Amino acid sequence: MGESESESEAPKVKLRPIVRLGMFLISHSHLLSVVCCTAGVLTLLLLPLLAKNTYISENALMPGSANPMLSSQEVSEANGLVKDLTNLDLKPMASGIESQRLIAQYMSNLGAEVSFQKFYPQSNQFHPLHFFSSPDSATIRENISCSSYGLNTVGIIRAPRGDGKEAIVLVTPYNSEKIGLGEALSLGIAYSVFSLLTRVTWLAKDIIWVVADSKYGEYAAVDAWLRDYYIPVFSGLGIQNAEMCHGLEENAITERDMRDGFKRAGTMAAALVIKVVDRSEQFEDSLSIYAEASNGQMPNLDLINIVNYLAVHRQGLRIKVEKMWSLLNCKWLMILGEILESLGHLAKSLNPQWKFGIPAVDYVEGTATLASSLYYQALGIPTGPHGAFRDYQVDAITLEISSRVSSNNKGRQNDFLLRGGRLIEGVIRSVNNLLEKFHQSFFLYLLTSPSKFLSVGVYMIAFALLVASLPMVAASLYGHANNLDPGFEKNKSNHPASASDELGITLRSWKWLYAAKKVLVVHLWGAVVLLLPYFICQIPNCSPTTSFVVWVLLSIFSLIILFWILGSPFSYVNASQPQQREWALLKSVTISAAFIGLCLMSVINFATAEIGALLMVPMCLMAHPLKLDVKSRKLRNISRVACNLALAFIGLPPTAFLVFKCVFEGFDGISVGDFWNWLESIWAWSSATYLYIGMIHLPCWILCIHVILHPC
Amino acid sequence: MAHLPRRTHSILLILSFQICFSTIFAVFGSVFFQEEFSEELLLKPLPDRKVLAHFHFETTAPPLSTSHGRHHHLFPKAIAQLVQKFHVKEMELSFTQGRWNYDRWGGFDPISSSNAKPPGVELWAVFDVPKDQVDASWKNLTHTLSGLFCASINFLESSTTYSAHEWGFHPSSGGLRYGTLPREAVCTENLTPWLKLLPCRDKAGLSALLDRPSIYRGFYHSQRLRLTSSESHSSGVESGIVLEQALTVVLQPNSHKTSKTFLSETKLQPSWSLSSIFGRKVTGRCVLAKSSNVYLQLERGLVTELENLQKDNAITGPDHVGSGGLKDNPGFELSVRPDKEFKEANILHRKSSSVLYEYSIERYSAFEPFDLGLTWKFPVVWLCPRAPLHSSRFLMGSGNQRGTIAISFISTDLEEGFLGANIGEDSCKLQANIFQVVPWYIKVYYHTLRVFVDGKPQAIANVVEKMHVSPSEDKVSPGVMELVLKFPCAVKSAALTLEFDKGFLHIDEYPPDANQGFDIPSAVIIFPNFQTSMQYLEDNSSNKSPMLLKFQEKSPVLSYTEILLVPLTTPDFSMPYNVITITCTVFALYFGSLLNVLRRRVGEEERILKNRASKKAGRLPQLLSRLSAKLKGKEWEPPQSPSTSSSFISSKLILKVLIVAGVAVFWQYYSE
């Protein structure tokens, strides 16, 4: 080409290297996109290998450097509380606020400031206009009856020599109507720590113990307390106080303390939610950490590190994070792990300094943990009451201690309380040492095991590789669609360029606007589809399956209407015959839109973007009109058709959801209603994933289907 | 036992001093009079099982005109010089650790309203200088005090940290400056210079009780220095300089928790003695002191409870009928019999009045130390008097941009006589003054002030009677808000909210390390209609102790709110590094291309290019075509005019690559 041009024109001025590089990449986009995609998927599979061990990054935390002060004395006090609570539960007439009063009595006996906080349950209504903002607290007070309220009990210890600017929060959710042994034990652990902290001299931050009434859900109770803490409403205060539904007749001192209303203690430094679950199938005590808050936000890694360090090295608890259990039995994963292990051995034999191999079992476990970590972050639903804290920029985690405790084995219960209490004490002591906010360690990470993590710099690579091919392919498609036609025409009619021809060329170069319009319309339709569930919810007595079907029908109907109003896409294709390459332009714009959407989503919720890219990028890249493929009956084309169909099938969110559910949970009891339920939970928690599915994923899928079925 | 020789030694020293001084007195007695020092200690059991100890030392110096020039024999010279140099009319400096618990330790008595201070350092001073020199005097004063007390009071020098007030905080107008350092840590290094101002230091007298570990172990520790001088030439009365030093500590008597039975009704207050709470005993008075007394105060509520108890006992046991006073009451027992007993003379509270026991230290010595002990015999639960409104301040909202400061008042239960006594029933108003200083990086929008009374929003004009706001100026002055609020007497709860924006600091205004946030100093809430004064009935009022006189003074009820912590946006301070690297890269690229452009001769280059183009195509296509030819399996045929130079260069390149690879391989093996 250079030769032919050098003949006719003056020597072509050399282009800048970066431009040349870009052109080179675009011209080889097919190869590159295949390489990038495979590399992206491979990197994702390699991530467990690249995980680093966690370490306490902030020196001031000094976990475990002090001997635990919690002794059997506090434990025996806590045992008293546990016994009283369980006895209370046995009593038939014990109802309402008996348990709260008992806990408050215990708290005030320790010298803590006690207050009650009343809250009303909040129904999870979908408000399309308040998607990101929480509903106005004034509007939720519609049907308040005296019987339907929850009562949180809050005890505060003021640090004797502290200035009261900061506080550490302990949360123990429990159901005030029916107190299980596990809940009583979690209260016991918190109480033992609380009673120790009233006496210690090292306290620099205030301690708030919130006994959250989980009658209406754990999250709701904690969220209600936090809302009162951060966004109190003054205007309704008098009314609320005036209607005293219950009689809190206490003795003089406690009554006076409690009547002073909502008590506060400075900025929250960290929060720990303690739960105890009774797992009888296990033989040793273990501790599960839940950290995911709304939209995949995570607390500072140091908080998890402290708990991990203290639990493993001090209290000898086995620590767990959530795993995808079904992945553990995957054959192919095991084989992959073995291959990687042997590769690691090989590398080690070549150079002993190359250590990247990990045992296959570890690899499988790491992958399972990573998958669940990605999934829960991607869902955007908090995995526990700690999620409420993250909304106010407080680092919080839920510690779920599972153990085999029975009320009759006293010694074992004491030992359990002692260990749990010492763990909490150690964590509080570490956080208490902190002079500044949690800032030192990571906020963006994925866990592959309780002591291994992937920082953002590592897990970005997989996503970046997946996404990188999109703009290149889009550019090459655009270039082809724009350049080839004029060249073709030029060869055909070698007339000197007239004014009308010039106009035609400029018009043709703006051809992509039609495609862009179409993409825009489909994205608009996505927004409409997002709003539909709000109306469907208004239909009374609707089973999930029927509402799902209604939703699908309505969305298809709205799609048809939109096309009818805004012009059929096929109309002008028929009008102008030479637009053979129209589908290429459409695909190019679709890919660009997908690229922009994925990049935006990766900022909001990385895990969603990662999973979305896994599903969407191959689909977008492969999309090719079926007609063209069917015309030329080569093996390559037929395989492409198969790939296209398979990817389009898996790319649709409901089918993707159901397929993964089948793979991970088995076939029994799968119905399309499950997807509706899943979606409902997503929008009820106002997760950004919902927006992603409606605004980015679904339109892209529709456009890809459009490209596949393009009549060219 | 090891202490004994030292003690005797010190006593000998003191004796010798005494002799010296007495001779001096004998000589100069006629010339200067009344340079006095008095030491007192007030002990008070608190409702929540703690003990308040309030040390009060007062040194007075006569006016300069009547004294002997610049010579003092009791009064600390440093303070006298300070007063003279900076023309300080009044000054108060307090170092505090911990928070005063207004609910449990009292909010309506002279101790709480004049000795409860916000954590950190608080300093205010009134100067007797022309208005334009006040700031300069303040600066000098802060620097001097900072040197004197080993504290960073000098940070109050910059105009962003102190403020002038109009009327909100202190009645004296003009010339007053007020500043606080909430973050200042208080420790022995601040106490030692404070003790040095005492004539006996902590070697003798009541101050010898100040055992550092035990007083810093407490729940509240506030050392205060207040200076009043009427050295001014304008005022007619000249009383000289009065230096009042007070140390207030709240200690927990270490009770060995004997009864672990919770939820049991019998909760006996812990018994304590001086030696158990301080670890020391009073071994005698400071011989330079005019008076040296220890008081034990029983609050009104406690006295009422004790009287009730006594009555109950009288009913059950007829032996105790007609006992005189509380001395032999059934509630507690004192290890030392008090020398005097005072009753509070109150008109308002007819129910009962607080009781004060006085112990004179003069008759105690190292051989017979004074160790007051209080043993509880019956569990007593009482309440302390509280301010009419319980005030608390907190931040609302989260995030890094906006927020709201809220001050909430909740009415405490008052005895009936309190409010009714002031004004008539219907027009009864409860006045509260708020004085709040906000640093400039908190940009308060004062127009967003909203007031809620009993849960209903109120028009500001209904509640706010007087308001003075001086908005903050960036990096120049803090914002000051002074408000006079009038609530209806029946108010149950009230709240004030003010919205603010968080400002950006200059890079050098951030603390050097990562921080927890920035402080908003305490607001001061004053209830001017409520005066705290405790008048004790006494037989002869001539030699009243300075502390009791102080208690008698009518001062408004005053309380401080919490310090708030505002997290400000903190930039990533590793950024400069990144910026430097990026800028360097940009500069390198820029200079590289600039040099390239400058160096280039376009005409010449074009000519060469033309020449070369006529000779051959570019080297890269050549290589590529060679490669493709090789791949296709054909023999590569060079373009029309093969140049020797190109093949030479390519072989040279290959040679270079080989050399580099060889070096790399060599290095790899060598390093292993």
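The values are calculated or read from the model by the stated rules, or taken from the named source; none is laboratory data. The model shown is predicted, which means the values in this text are computed figures rather than measured ones. Please note: Cβ atoms are built from the backbone with ideal geometry, for glycine as well, and neighbour counts cover all protein chains shown.
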Just the residues that are of a type in the set (A, V, I, L, M, F, W, C), touching a strand residue (DSSP E or B) at 6+ places or on another chain (Cβ under 8 Å) and at pLDDT below 75, please, taken from the stretch B:305-344. B:L326
Anything in the stretch B:101-128 that is over 16 Å from B:R183 (Cα atoms), out of contact with any Lys or Arg (no Cβ under 7 Å at 6 or more places or on another chain) and hydrophobic (A, V, I, L, M, F, W, C)? List them, or say none. B:W105, B:I111, B:A116
B:V586 - would you say it is β-branched (V, I, T) and at pLDDT 85 or above? yes
Output yes when any residue across the stretch A:145-165 is modelled with pLDDT of 90 or more, farther than 16 Å from A:M107 by Cβ and in contact with a Ser or Thr (Cβ under 6 Å, 6 or more places away or on another chain), and no when none is. no
In the set A:A60, A:A39, A:A78, which member is of a type in the set (G, A, S), at pLDDT 85 or above, part of a helix (DSSP H, G or I) and under 19 Å from A:S186 (Cβ atoms)? A:A78
Filter the stretch B:368-399 for residues that are within 8 Å of chain A (Cβ to nearest Cβ) and in contact (Cβ under 8 Å) with a residue 24 or more places away in the chain; which is farthest from A:P232 (Cα to Cα)? B:V381
Go through B:E358, B:E368, B:E362 for me and flag whichever is acidic (D, E) and either under 22 Å from the mean Cα position of the chain (by Cα) or in a strand (DSSP E or B) (or both). B:E358
Subset of the stretch B:505-517 (residues that are within 11 Å of chain A (Cβ to nearest Cβ), in contact with a Leu (Cβ under 9 Å, 6 or more places away or on another chain) and either at pLDDT below 85 or more than 19 Å from B:G399 (Cα to Cα) (or both)): B:D513, B:A514, B:N515, B:Q516
Looking at the stretch B:601-627, I want the residues that are farther than 14 Å from B:S650 by Cβ and have a partner that is modelled with pLDDT under 70 and not in a helix (DSSP H, G or I) with Cβ atoms under 7 Å, at least 6 apart or on another chain. Which pairs are those? B:L609/A:P11; B:K610/A:P11; B:A613/A:P11; B:K615/B:S641; B:K615/B:S643; B:A617/B:P639
Where in the stretch B:458-546 are there strands (runs of 3 or more DSSP E), lying wholly inside it, with at least 3 residues that are surrounded by 17 or more Cβ atoms within 10 Å (Cβ to Cβ) and β-branched (V, I, T)? B:524-532
I'm trying to understand the selection: among the residues of the stretch B:189-220, which are among the polar types (S, T, N, Q) and away from every other protein chain (no Cβ under 14 Å)? B:N190, B:T192, B:S207
Read through the list (1) over 26 Å from A:S65 (Cβ atoms); (2) surrounded by 21 or more Cβ atoms within 10 Å (Cβ to Cβ); (3) facing another protein chain (nearest Cβ under 10 Å), then give the number of the only condition that A:I231 fails. (2)
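Being more than 9 Å from chain A (Cβ to nearest Cβ) and surrounded by 15 or more Cβ atoms within 10 Å (Cβ to Cβ) is the filter; apply it to the stretch B:607-625 and report the residue that is modelled with the lowest pLDDT. Steps first, please.
Restricting attention to the stretch B:607-625, the residues satisfying the condition of being more than 9 Å from chain A (Cβ to nearest Cβ) are B:607-608, B:611, B:615-616, B:619-620, B:622-625.
Pick out the ones that are also surrounded by 15 or more Cβ atoms within 10 Å (Cβ to Cβ) and you get B:616, B:622, B:625.
On the way: B:K616: 58, B:Q622: 70, B:S625: 69.
Only one residue fits best here, namely B:K616.
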Scanning for something outside any helix (DSSP H, G or I), modelled with pLDDT under 90 and in contact with a Pro (Cβ under 7 Å, 6 or more places away or on another chain), does the stretch B:108-125 turn up at least one residue? yes
Tally up the residues in the stretch A:392-421 that are buried (at least 20 other Cβ atoms within 10 Å of the Cβ) and within 14 Å of chain B (Cβ to nearest Cβ), please. 3
The lone condition A:Y55 fails out of (1) away from every other protein chain (no Cβ under 12 Å); (2) part of a helix (DSSP H, G or I); (3) more than 22 Å from A:V193 (Cβ to Cβ) is (2)
Hey, B:Q535 away from chain A (no Cβ under 14 Å) and without any contact (Cβ under 8 Å) to a residue 40 or more places away in the chain or not: no
Does any residue of the stretch A:546-555 turn out to be at positive phi, of a type outside the set (D, E, K, R) and out of contact with any strand residue (DSSP E or B) (no Cβ under 7 Å at 6 or more places or on another chain)? no
Here's a check for you: in the stretch B:73-105, which residue that is surrounded by fewer than 20 Cβ atoms within 10 Å (Cβ to Cβ) and either without any contact (Cβ under 8 Å) to a residue 12 or more places away in the chain or polar (S, T, N, Q) (or both) is farthest from the other protein chains (Cβ to nearest Cβ)? B:Q84
Considering the stretch B:443-457 alone, what residues qualify as being in contact with a strand residue (DSSP E or B) (Cβ under 9 Å, 6 or more places away or on another chain), part of a strand (DSSP E or B) and within 14 Å of another protein chain (Cβ to nearest Cβ)? B:T448, B:L449, B:R450, B:V451, B:F452, B:V453, B:P457
Subset of the stretch B:164-190, residues out of contact with any helix residue (DSSP H, G or I) (no Cβ under 7 Å at 6 or more places or on another chain) and in a helix (DSSP H, G or I), comes to B:E189
Candidates B:I525, B:I520, filtered to the one that is more than 12 Å from chain A (Cβ to nearest Cβ), farther than 28 Å from B:T59 by Cβ and either touching a residue at least 60 places away in the same chain (Cβ under 8 Å) or among the hydroxyl-bearing types (S, T, Y) (or both): B:I525
Consider B:S67 carefully, then state whether it is modelled with pLDDT of 90 or more and of a type in the set (S, T, Y). no
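Residue by residue, here is whether (1) surrounded by 23 or more Cβ atoms within 10 Å (Cβ to Cβ); (2) touching a strand residue (DSSP E or B) at 6+ places or on another chain (Cβ under 9 Å) holds:
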site: B:P119; (1), (2): yes, yes
site: B:K131; (1), (2): no, no
site: B:D135; (1), (2): no, yes
site: B:W138; (1), (2): yes, yes
site: B:T144; (1), (2): no, no
site: B:A151; (1), (2): yes, yes
site: B:F155; (1), (2): no, yes
site: B:T160; (1), (2): no, yes
site: B:A164; (1), (2): no, yes
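Residue-wise test of (1) assigned to a helix (DSSP H, G or I); (2) charged (D, E, K, R); (3) under 30 Å from B:E509 (Cα atoms).
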{"residue": "B:V557", "(1), (2), (3)": "no, no, no"}
{"residue": "B:E562", "(1), (2), (3)": "no, yes, yes"}
{"residue": "B:D572", "(1), (2), (3)": "no, yes, yes"}
{"residue": "B:P576", "(1), (2), (3)": "yes, no, yes"}
{"residue": "B:V586", "(1), (2), (3)": "yes, no, yes"}
{"residue": "B:L589", "(1), (2), (3)": "yes, no, no"}
{"residue": "B:G592", "(1), (2), (3)": "yes, no, no"}
Every residue in the stretch B:421-457 that is modelled with pLDDT under 90 and of a type in the set (K, R), please. B:K429, B:K456
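Give the number of residues within the stretch B:194-231 that are in a helix (DSSP H, G or I) and either in contact with a Phe, Trp or Tyr (Cβ under 8 Å, 6 or more places away or on another chain) or closer than 25 Å to B:T180 by Cα (or both).
Going through the stretch B:194-231, the residues in a helix (DSSP H, G or I) turn out to be B:194-196, B:206-209, B:212-216.
Now narrow it down to the ones that are either in contact with a Phe, Trp or Tyr (Cβ under 8 Å, 6 or more places away or on another chain) or closer than 25 Å to B:T180 by Cα (or both): B:194-196, B:206-207, B:209, B:212, B:214-216.
Selection size over the stretch B:194-231: 10.
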